[in-house]
Amino acid sequence: MTSAFYNGKKDGFCDECGLEATLKCSGCKYAMYCGTVCQKVAWRKHKRECKDLAAGGAPKSSTTIEPAAPRSPEDFERRQQVDSIAATLKEWQEAHESGNLGAVRRLEATIRKYGTDPEMAFTPPITTSPLRQSMISICRLYFIDLVSSLPSSKVGQLGRRLSSIPPFGYQFEGFSGKEVENPAELTEDEYLWIMKTVQMALMGLVDEGTVERWVGLGESFVFAESWEGRNKGSGEEDDDDDE
């Protein structure tokens, strides 16, 4: 009878990220994972002990899951704001897809406010597009929330992954990845590219809900660029939004 703990991790939780596990290694029947992404990431470490475990031996590794970063009242308040914005962006996308232009304009007005919020906006802005500016400001809020929720080792992993994924590799010369430890100091240009690439860097580091939130942000950014481009092409002015 095996212990309820494997490598210091409680049975029933992913050996890679610590989330609830649904998959079990077919070789040793002990290692557990939340999904195939974590299973593939963990294989480089796990393959060394998989056969020993299958034969009834003890695991050679004794690594443990690093606890998540402690959350302050400010962190919880920020997460509530992130969830609220994510819901608004989802509703905005659905309005686009259904062709409900009235709802699109109403929700756009809400989204634009984030680009002028003193706690979120960049000063001075690098873009003349209010909607694009708002999306970049939202990205910064998302990223600050993300980094504050991760243990330090995963923040390091995230930075290294971002530094190796284009366009950081050629767009931002000298970006080492350590910059993500201070997300409030990243530039608008960096956040623009984070919005386009971070989904790849997050695979296996966070839960599916967090990945989906970032995917939703990226899709909303595409909607924003398409919507503003269409409005410019039709000669509509911002003042028409209130009609």
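For region 84-100, enumerate the residues that are surrounded by 12 or more Cβ atoms within 10 Å (Cβ to Cβ) and either in contact with a Cys (Cβ under 6 Å, 6 or more places away or on another chain) or assigned to a helix (DSSP H, G or I) (or both).
Selection gives Ile85, Ala86, Thr88, Leu89, Lys90, Glu91, Trp92, Gln93, Glu94, Ala95, His96.
I'm checking my understanding of the structure. Among residues of region 189-206 that are crowded, with 19+ Cβ neighbours inside 10 Å and in contact (Cβ under 8 Å) with a residue 60 or more places away in the chain, which one is nearest to Tyr142 (Cα to Cα)?
The extreme case among them is Met195.
How many residues are in contact with a Cys (Cβ under 8 Å, 6 or more places away or on another chain) and of a type in the set (A, V, I, L, M) if we restrict to region 171-224?
Number of matching residues: 6.
Write out, first by first residue and then by second, each pair whose Cβ atoms fall under 7 Å of each other, whose residues are 6+ apart or on separate chains, and whose first residue, in region 29-57, is without any contact (Cβ under 8 Å) to a residue 40 or more places away in the chain while the second is surrounded by 12 or more Cβ atoms within 10 Å (Cβ to Cβ) and part of a helix (DSSP H, G or I).
Qualifying pairs under 7 Å: Tyr30/Leu53; Ala31/His46; Tyr33/Gln39; Tyr33/Ala42.
In region 207-225, which residues are without any contact (Cβ under 8 Å) to a residue 60 or more places away in the chain and over 16 Å from Gln157 (Cβ atoms)?
Residues satisfying the conditions are Gly209, Glu212, Val215, Gly218, Val222.
Any idea which of (1) modelled with pLDDT of 90 or more; (2) not in a helix (DSSP H, G or I) is the one Cys139 doesn't satisfy?
(2)
Of the residues that sit in region 150-166 and are touching a helix residue (DSSP H, G or I) at 6+ places or on another chain (Cβ under 8 Å) and either farther than 22 Å from Arg213 by Cβ or open to solvent by 30 Å² or more (accessible area, probe 1.4 Å) (or both), which one is modelled with the highest pLDDT?
Only one residue tops the list, namely Arg161.
Would you say Ser62 is open to solvent by 70 Å² or more (accessible area, probe 1.4 Å), hydroxyl-bearing (Ser, Thr, Tyr) and at pLDDT 70 or above?
So Ser62 fails the test.
Filter region 23-55 down to residues that are in a loop (DSSP other than H, G, I, E, B) and open to solvent by 60 Å² or more (accessible area, probe 1.4 Å) and give me whichever is modelled with the lowest pLDDT.
Ala55
The values are calculated or read from the model by the stated rules, or taken from the named source; none is laboratory data. Everything quoted here is computed from the prediction, not taken from an experiment. Note that each Cβ is placed from the backbone with ideal geometry, even for glycine, and that neighbours are counted across all protein chains shown. Surface areas here come from the heavy atoms of the whole protein model, side chains and all, with no ligands, DNA or RNA. Shrake-Rupley method; radii C 1.70, N 1.55, O 1.52, S 1.80 Å.
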